[in-house]
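Read through the structure below, which is laid out as structure tokens, and then see the notes.
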Amino acid sequence: MREEKVKINLEVGLHARPAAIFVQKSSKFLSDIYLELGGKKVDGKSIIGVMSLGAARGQEVKLITKGEDEEEAMSQLKEFLESDFGD
């Protein structure tokens with residue numbers, strides 16, 4: 001299991017389109033993926049869960065990956081969250 005704190009740099013945070021892209025990327029991995037913010041932990045493969053966090057640009061979330069491809073999942077998902085992807 002890998003856990004890392006990641007600062008959201010997405011222009012609009014994890015809202016709508018970026019959340020959908022995050023879930024799409026997460027779903028390609030066999031590992032379980034979770035995001036945690038303010039004591040709330042959600043399934044990173046659930047669009048409703050990810051959007052319910054309301055993670056805004058500049059906030060720090062905990063990214064958790066657990067499974068056989070956890071290293072690659074952590075690397076790719078962290079890179080996406082830290083990118084300046086615009087909506």
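Taking the range 7-33 on its own, how many of its residues are surrounded by fewer than 20 Cβ atoms within 10 Å (Cβ to Cβ) and of a type outside the set (Gly, Ala, Ser)? Adding up the residues that qualify gives 12.
Applying a threshold of 8 Å to beta carbon distances and a minimum spacing of six or more residues, or different chains, the list of pairs starting in the range 17-35 at a residue that is within 17 Å of residue 53 (Cβ to Cβ) and ending at one that is of a type in the set (A, V, I, L, M) and assigned to a loop (DSSP other than H, G, I, E, B) reads 18/10; 18/12; 22/14; 35/14; 35/55. If the condition is being touching a helix residue (DSSP H, G or I) at 6+ places or on another chain (Cβ under 7 Å) and either among the basic types (Lys, Arg) or modelled with pLDDT under 95 (or both), then the range 16-35 contributes only 25.
Restricting attention to the range 1-28, which residues are touching a strand residue (DSSP E or B) at 6+ places or on another chain (Cβ under 6 Å) and in a helix (DSSP H, G or I)?
Residues of the range 1-28 that are touching a strand residue (DSSP E or B) at 6+ places or on another chain (Cβ under 6 Å), as a first pass: 1-7, 26.
Passing the criteria: only 26.
Considered as a group, the residues in the range 58-79 that are under 9 Å from the mean Cα position of the chain (by Cα) and charged (D, E, K, R) include one that is surrounded by the most Cβ atoms within 10 Å (Cβ to Cβ), and that residue is 78.
Considering the range 36-87, and only residues there that are part of a loop (DSSP other than H, G, I, E, B) and charged (D, E, K, R), the residue that is modelled with the lowest pLDDT turns out to be 87. Contact map, the range 42-62: residues that are on the phi < 0 side of the Ramachandran plot paired with residues that are surrounded by 15 or more Cβ atoms within 10 Å (Cβ to Cβ) and charged (D, E, K, R), Cβ distance under 6 Å, separation 6+ or inter-chain. Pairs shown: 49/43; 62/36.
The values are calculated or read from the model by the stated rules, or taken from the named source; none is laboratory data. Because the structure is predicted, anything quoted here is derived from the model rather than measured. Every residue, glycine as well, gets a Cβ built from its backbone with ideal geometry; the counts of neighbours run over all protein chains shown.
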